[in-house]
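What follows is a single structure, written as structure tokens, with notes after it.
Every number in this text was worked out from the coordinates using simple rules, so none of it is lab data. Just so you know, these numbers come straight off a predicted model, no measurement behind them. Note that each Cβ is placed from the backbone with ideal geometry, even for glycine, and that neighbours are counted across all protein chains shown.
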Amino acid sequence: MAGTLNKVMLIGHTGDEVKMHYFEGGNCIGRFPLATNEEYINKSTNEKVSNTEWHNIVVRNKAAEICEKYLKKGDKVYIEGRIKTRKWQDDKGMDRYSTEIQCLEFTFLTPKDGASSESMGSPQASQPKSDSKPSPAPQAMEEEEDDLPF
């Protein structure tokens, strides 16, 4: 394969509220932890084993503001993005590394007030979905089906 791929897809529960950081020029980022769980039966002991993996999610600009507004601790969310490792220095001047998921798309999976889940595409162009229009009357749908050429 000539190219490379850096793609991550996660479904998990938020471990905290979205923490926002604002910059000069109006840009911002939001950060929150996401927990994914793995459960299996240990064949030698027949015990149920549960492991939780924590992921550091980073979302930018308008998408970050949408996440801050709608995501709460414990909410279920689908995240799609890429892995990025960041190098930084601690208080003692030691090099530290953080592995993060740079979120490119997300879908809220926890229903809010009986509404359907919201899906967000590219963070730069994300807008909350408005209420969908009512579906046409059944007769109108039947007429459309009659007009099909096959």
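Fully extending the segment from Asp90 to Trp54 would add 10.8 nm, taking 0.36 nm per residue of separation and subtracting the current Cα-Cα distance. Extension gain, Lys112-Lys69: 0.36 nm per intervening residue step, less the Cα-Cα distance, totals 14.3 nm. Restriction of the chymotrypsin sites (Phe, Trp or Tyr not before Pro) in segment 1-41 to DSSP coil positions whose beta-carbon has at most 12 other beta-carbons within 10 angstrom yields Phe23. Overall, segment 8-130 carries a charge dipole of about 140 debye about its Cα centre when +1 sits on the Cβ of Lys and Arg and -1 on the Cβ of Asp and Glu, all other atoms neutral.
The residues neighbouring Thr4, those whose beta-carbon lies less than 15 Å from its own, together hold a net charge of +3 under the Lys/Arg +1, Asp/Glu -1 convention.
Between the listed residues Val49, Leu71, Asn61, the Cα displaced farthest toward the positive end of the dipole of segment 8-130, a dipole computed from Cβ unit charges relative to the Cα centre, is found at Asn61. If you take all other residues with their beta carbon under 13 Å from the beta carbon of Tyr97, and give Lys and Arg +1 and Asp and Glu -1, the sum is +1.
Given the Cα-Cα distance of Arg82 and Asn46 and 0.36 nm per residue of separation, how much length would full extension add, in nm?
Numbers: separation 36, 0.36 × 36 = 12.96 nm, distance 3.61 nm.
Using 0.36 nm per residue and subtracting the Cα-Cα distance, I get 9.4 nm.
Each of Thr85, Tyr40, Gly15 was scored by the projection of its Cα onto the charge dipole of segment 1-112, and the greatest displacement toward the positive side belongs to Thr85; charges sit on the C-beta of Lys, Arg, Asp and Glu. Take the Cα of Glu38, go 7 Å toward its beta carbon, and the backbone nitrogen atoms of segment 52-71 under 20 Å from that spot belong to 52-57.
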